[in-house]
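Laboratory data are not the source of any read-out in this text; all were calculated from the coordinates shown. Please read all numbers here as calculations on a predicted model, not as lab measurements. Neighbour counts run over all protein chains shown; Cβ positions are idealised from the backbone, glycine included.
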Amino acid sequence: QQLFKTKNVGTDGLALDIQRGRDHGLSPYTKYYNLCNAPRSINSWSDLSPLMTTEDIATLQSAYSSVHDIDLIIGSLAEKPTNPEATVGPTLACIIKDQIANSLNPTHKQHPADDAVANYSPARFLCDTAQLKQVQRDIFRLPSETTNNPIVNCSQLPALDLSGLRDAKV
């Protein structure tokens, strides 16, 4: 079935999910499986046999040139549920569990970039992208000493520091 159809063009929900995963830079299925299920890992097509049906593995092999190219949504939906009461396989179960735990813990950082981005202001963004030397702290208000929106040197504003992301997983 085509979810969004206009004239002769249509697409389905799963195709959109695959594209969203790629657009957002999600790692392949094997990366998530390996993170969630260590020390077990997937390094070859044969490693999928306990997780998926032979037919599903054959379909994946015909669509992907490497086991490490499988899209997260496709690989995780192809997994067999972990037990009779489960509706998802081990990788989706792990992701869902982590998402619920993260949403229930207000102090949990969602991503390693959270601290870097939290301190990066729109004013500093203008400094960095427009090569400005000075800018008002709140770029959405007129500069004024009396309303506490002074013009400051760009060097006084926190820069975007992504150095902490070098060792970030996934």
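Note on segment 114-164: dipole from Cβ charges, positive end direction compared against Leu162, Phe125, Asn148; the farthest Cα belongs to Asn148. Per the Cα gyration tensor, segment 4-104 maps to an equivalent ellipsoid with semi-axes of 23, 19, 14 Å, ordered largest to smallest. Here segment 10-95 is assigned +1 on the Cβ of each Lys and Arg and -1 on the Cβ of each Asp and Glu. Its dipole about the Cα centre then comes out at about 240 debye.
Under a 5 Å amide H cut-off, with hydrogens placed 1.01 Å from N, Val152 pairs with Val135, Gln136, Arg137 among residues at least 5 apart or on other chains. For segment 31-158, the dipole from Cβ point charges (+1 on Lys and Arg, -1 on Asp and Glu) about the Cα centre works out to 480 debye, to the nearest 20.
Mind checking which of Asn34, Ala78, His24 is farthest towards the positive end of segment 4-104's charge dipole, using Cβ charges of +1 (Lys, Arg) and -1 (Asp, Glu) about the Cα centre? Towards the positive end, the residue furthest out is His24.
Treating only the Cβ of Lys, Arg, Asp and Glu as charged (+1, +1, -1, -1), what charge dipole size does segment 114-164 show about its Cα centre? Round to the nearest 20 debye.
Working: 4 positive and 6 negative charges, 49 e Å.
Taking the Cα centre of segment 114-164 as origin, the dipole is about 240 debye.
A cut-off of 5 Å between modelled amide H atoms, ignoring neighbours fewer than 5 places along the same chain, links Ile42 with Asn34. Count the net charge of all other residues whose Cβ sits under 14 Å from the Cβ of Ser62, scoring Lys and Arg as +1 and Asp and Glu as -1. Summing Lys and Arg as +1 and Asp and Glu as -1 gives -3.
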